[in-house]
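Asks: Next up is a structure, given as structure tokens.
Bear in mind these aren't lab numbers, they're just calculated from the coordinates by the rules spelled out. Model, not experiment: these values are computed from the prediction. Neighbour counts are summed over all protein chains in view; Cβ atoms, including those assigned to glycine, are modelled from backbone coordinates with ideal geometry.
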Amino acid sequence: MKDDTRALVASLWAQLGSADRPCPPLTLEDDTDAVAALLPSVYAVDTFATATVALASCALADLARAPAVNVDRRHAAVAFRSERYLERVGQALPALWDPVAGDYRTADGWVRLHTNYPHHRAAALHALDVAEDRSAITARLATLSAEDV
């Protein structure tokens, strides 16, 4: 798992145009069982979470000329699920998903609409030329190809 994370960090570092300067030495603190419990998935979400935190930390260390970077995989996992650990005093958190967000069948497959931000929802509804009504969206998408959507 650590090697996958290191490989991903190295690949992303190079893609960002930093291949001529190596990422500062990277230490990964690991508790695989704890991370797996925090980020349960069939995908390597824990590797991705750790790599993105490590990449940002490497960039900051490079700018600050810090000698090394240390990333605790558990902390990266918590950061990726931070919305579950926050609460406003006296207020309930909003729903995790917008009522329009979700998977929809198209004429030839499926698409997923991400509409959790108001401007994303407005853009999707405008592009589809439908009202903010899940049944209207479902009917409209069923007439379009996934690629057209």
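Asks: List every residue whose amide H lies under 5 Å from the amide H of Ala146, counting only residues 5 or more places away in sequence or on a different chain, with H placed 1.01 Å from N in the peptide plane.
Replies: HN-HN under 5 Å from Ala146: Ala107, Asp108, Gly109.
Asks: Moving on to the next point. With angles folded into 0 to 90 degrees, how steeply does helix 118-128 sit against the dominant principal axis of the chain? Use alpha carbons for both and round to 10.
Replies: The angle comes out at about 50 degrees.
Asks: Using modelled backbone amide H atoms (1.01 Å from N, in-plane), which distant-in-sequence or interchain residues come within less than 5 Å of Asn70's amide H?
Replies: Here the answer is Thr27, since their amide H atoms fall under 5 Å of that of Asn70.
Asks: Related question: Compute, for the stretch 39-99, the length of the dipole vector about the Cα centre, with Cβ point charges of +1 (Lys, Arg) and -1 (Asp, Glu) only. Units Debye, rounded to 20.
Replies: 140
Asks: Loop-only trypsin sites (Lys or Arg not before Pro) in the stretch 1-65, please: DSSP not H, G, I, E or B, and at most 11 other Cβ atoms within 10 Å.
Replies: On the way: sites: Lys2, Arg6, Arg65; in loops: Arg65.
Qualifying residues, ordered by number: Arg65.
Asks: What's the longest uninterrupted piece of the chain once you rule out the chymotrypsin sites (Phe, Trp or Tyr not before Pro) that are loop residues per DSSP with at most 14 other Cβ within 10 Å?
Replies: 98-149
Asks: For the stretch 102-141, what is the charge dipole size about the Cα centre, in debye to the nearest 20, if Lys and Arg each add +1 at the Cβ and Asp and Glu each add -1 at the Cβ?
Replies: Dipole of the stretch 102-141, to the nearest 20 debye: 80 debye.
Asks: What size of dipole, in debye to the nearest 20, comes out for the chain about its Cα centre when the only charges are +1 on Lys and Arg C-beta atoms and -1 on Asp and Glu C-beta atoms?
Replies: Roughly 260 debye, rounded to the nearest 20.
Asks: Report the longest stretch of the chain that contains none of the GluC sites (Glu not before Pro) sitting in a DSSP loop with at most 13 other Cβ atoms within 10 Å. Don't skip to the answer; put the middle values down first.
Replies: Details: sites that count: Glu87, Glu147.
So the longest stretch without any such site is 1-86.
Asks: Defining a contact as two alpha carbons under 8 Å apart and six or more residues distant in sequence, what relative contact order in percent does the stretch 1-94 show?
Replies: Dividing the mean separation by the residue count of the stretch 1-94 yields 36 percent.
Asks: Put +1 on the Cβ of each Lys and Arg and -1 on the Cβ of each Asp and Glu in the chain; which of Leu144, Ala37, Val71 then has its Cα farthest toward the positive end of the dipole?
Replies: Among Leu144, Ala37, Val71, the one farthest towards the positive end of the dipole of the chain is Val71.
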